[in-house]
Every structure is written in structure tokens, then in C-alpha cells.
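Q: Handing you this structure, nothing more for now.
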Amino acid sequence: MLLLSTSSLKWYWINRICDILKKSNYDWLDLYMDKEEYDLWDIEYMKKVKDLFWIEILSITSPWEWLNKTKVNLIFDLAKALNVQVITFSPPRIEDRDKTWFTKYIQEIKNDFDFNVSIQNVESKYIFFIIPKYKNMTLTDIKNITWYTSLDIANIDNDSSIDIIKAIKILWISLKNVFLSDKKWDTYWLLPWKEKSWISNLPIESFLMQLKSNSYNWFITLKVSPSELWVWNEELILKNLEKIKLYYNKYYLNFK
């Protein structure tokens, strides 16, 4: 099931994103809760938007910074109101003051709702080259928080002993969402297909075929930088979204 992350069109309001989604024949959305996009945090407004466009919001991805118990509760309430199936959280940053929402609170309330609460992998970045930017967690570690996980393949460190194919084996049973994009060196969240003279850092086609071979039946979410979709031109956005769908169909949906 191919979803579109609202972060891929983050420079638009949610109404415009839903309008583009319908024109593209995509039916499903992953709602990225940008802390500065206040309309996304208004539950009654989001219910109206969903009903107006007949959009299925199947997934919510929490912001990667400044979370606390109050914001977690609001995300859970929004997920319940929109009939979301998966919420994805990231491990907190080392500098965040409040980490109890992650270490204790979501573990206490994760079974109080019908949706799955998953933890995603984060990039291996360091402050002053020695201090991890995020709470240091391996792929195995993120399973121990709520048992469910999401995988952002762009965040896999190519210099480590883990690649995206091995990541499937580690997270397999727990995996509920895969954030799809490409990267080249330190440039993240690029469109996932090979153009002329393009050398990808990631074996994405093999990754998608491996998912299908293993009967993965949860979400794959397109998550790219807005500039990759050419957000200043709606015609190009739609063309790029169609290319992604063909790519997804070829290497995942129709692969046998």
C-alpha cells in the first residue's frame, strides 16, 4: 500500500495537499505532524478535511523534536479521530529536556488504542563528532519500546555493517511502515529511481523485491524533499508522483 507523506509537500496547506493527492489517484496519506503547521493539530478541522476530500489518512508521523506528554496525547487523540492505523515516533534528541514520553509514557498507553505505535530508526549524527544527536538506539533497540517499528531507509548508515536489506531481516515481524526515498552521499530524501548517470547509495529495487518476496503487507510511504517533486509546478508534481507509482508497481506491487 503506497502512501504519500505530507512532508513531501510541506510548503502547501493540507487542503492543497489533499487536492493534489486526489488528482494523482493516490488514496492514502501519511500525516507528518510538523510543529509549525498548526492546522494539522486541530482535530475537528482535520476531520472536516478528511471528509471533504474523501482521503484516507492511514498513518501519522510525529515531529522529530520537542515532544512531551501533552503533544503525544494530542497525536493519539488525532489518530483515534481519523481512524489511523499506525503512528510513528522517533527516539528523542539527546538535548531534549523531556524524554519521559518516550522512555515510559508511550509504553504505558500503547495498548489503550486500536492503532499500532511504532518507533523508527534515526540517522547516525553526532554533536561535536562524539555525542549522538539522538538517543542511541540500534534497530534491535527500537523494537523493544513498543515492539512495532518503521524504517526510514535513507537513515541507514552505509558505513555501518547494516544495509537496508539486512534491516528488513532485523525488523521484519515488527515492521509497519517503510519510508521510501533515495540518497546520494549526504543528500537525503531523493526520488527513488535511477536517472541517467545516477549512482544511488541504496539498492532500492532489490529492497522492494525482498519486501514483496517476504509478503510484507503494511505501508510503504513516499517521503522525499519537496524540491524533488518540483513543488513550484503542479503538473510536474503529478508527473513525478505517477513515476513513483510506476516504480512501486514494477519493483513491489507486481513483482513475482
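Q: How many of the residues making up the stretch 168-182 are modelled with pLDDT under 90 and aliphatic (A, V, I, L, M)?
A: So the answer is 1.
Q: Looking for something in contact (Cβ under 8 Å) with a residue 24 or more places away in the chain, over 15 Å from PHE89 (Cβ atoms) and assigned to a helix (DSSP H, G or I) - is there at least one such residue anywhere in the stretch 54-76?
A: no
Q: Next question, about the same structure. Scanning the stretch 12-45 for residues that are within 13 Å of LEU82 (Cβ to Cβ) and assigned to a strand (DSSP E or B), which turns out nearest to the chain's Cα centre (by Cα)?
A: Applying the first criterion (within 13 Å of LEU82 (Cβ to Cβ)) to the stretch 12-45 yields 14, 18, 28-31, 33, 40-45.
Right, trim to assigned to a strand (DSSP E or B) and you get 28-31.
Numbers: TRP28: 13, LEU29: 10, ASP30: 7, LEU31: 9 Å.
Ranking the candidates gives ASP30 first.
Q: Among SER160, SER124, which is the only one that is under 21 Å from LEU180 (Cβ atoms), surrounded by 13 or more Cβ atoms within 10 Å (Cβ to Cβ), at pLDDT below 80 and hydroxyl-bearing (Ser, Thr, Tyr)? Before the answer, list the steps.
A: Values: SER160 fails: surrounded by 13 or more Cβ atoms within 10 Å (Cβ to Cβ).
Among SER160, SER124, only SER124 is under 21 Å from LEU180 (Cβ atoms), surrounded by 13 or more Cβ atoms within 10 Å (Cβ to Cβ), at pLDDT below 80 and hydroxyl-bearing (Ser, Thr, Tyr).
Q: Return yes or no: is SER227 among the hydroxyl-bearing types (Ser, Thr, Tyr) and at pLDDT 90 or above?
A: Values: among the hydroxyl-bearing types (Ser, Thr, Tyr): yes; at pLDDT 90 or above: yes.
So SER227 passes the test.
Q: For the subset of the stretch 86-114 comprising residues that are under 21 Å from the mean Cα position of the chain (by Cα) and more than 22 Å from LEU139 (Cβ to Cβ), which member is surrounded by the most Cβ atoms within 10 Å (Cβ to Cβ)?
A: My answer is PHE113.
Q: Here's something else I'd like to know. Check the stretch 231-247 and report whether any residue there is modelled with pLDDT of 90 or more, closer than 22 Å to SER59 by Cα, part of a loop (DSSP other than H, G, I, E, B) and among the polar types (S, T, N, Q).
A: There is no residue in the stretch 231-247 that is modelled with pLDDT of 90 or more, closer than 22 Å to SER59 by Cα, part of a loop (DSSP other than H, G, I, E, B) and among the polar types (S, T, N, Q).
The values are calculated or read from the model by the stated rules, or taken from the named source; none is laboratory data. This one's a predicted model, so the numbers in the text were calculated from it and none came from an experiment. Ideal geometry is used to build each Cβ from the backbone, glycine not excepted, and the neighbour counts take in all protein chains shown.
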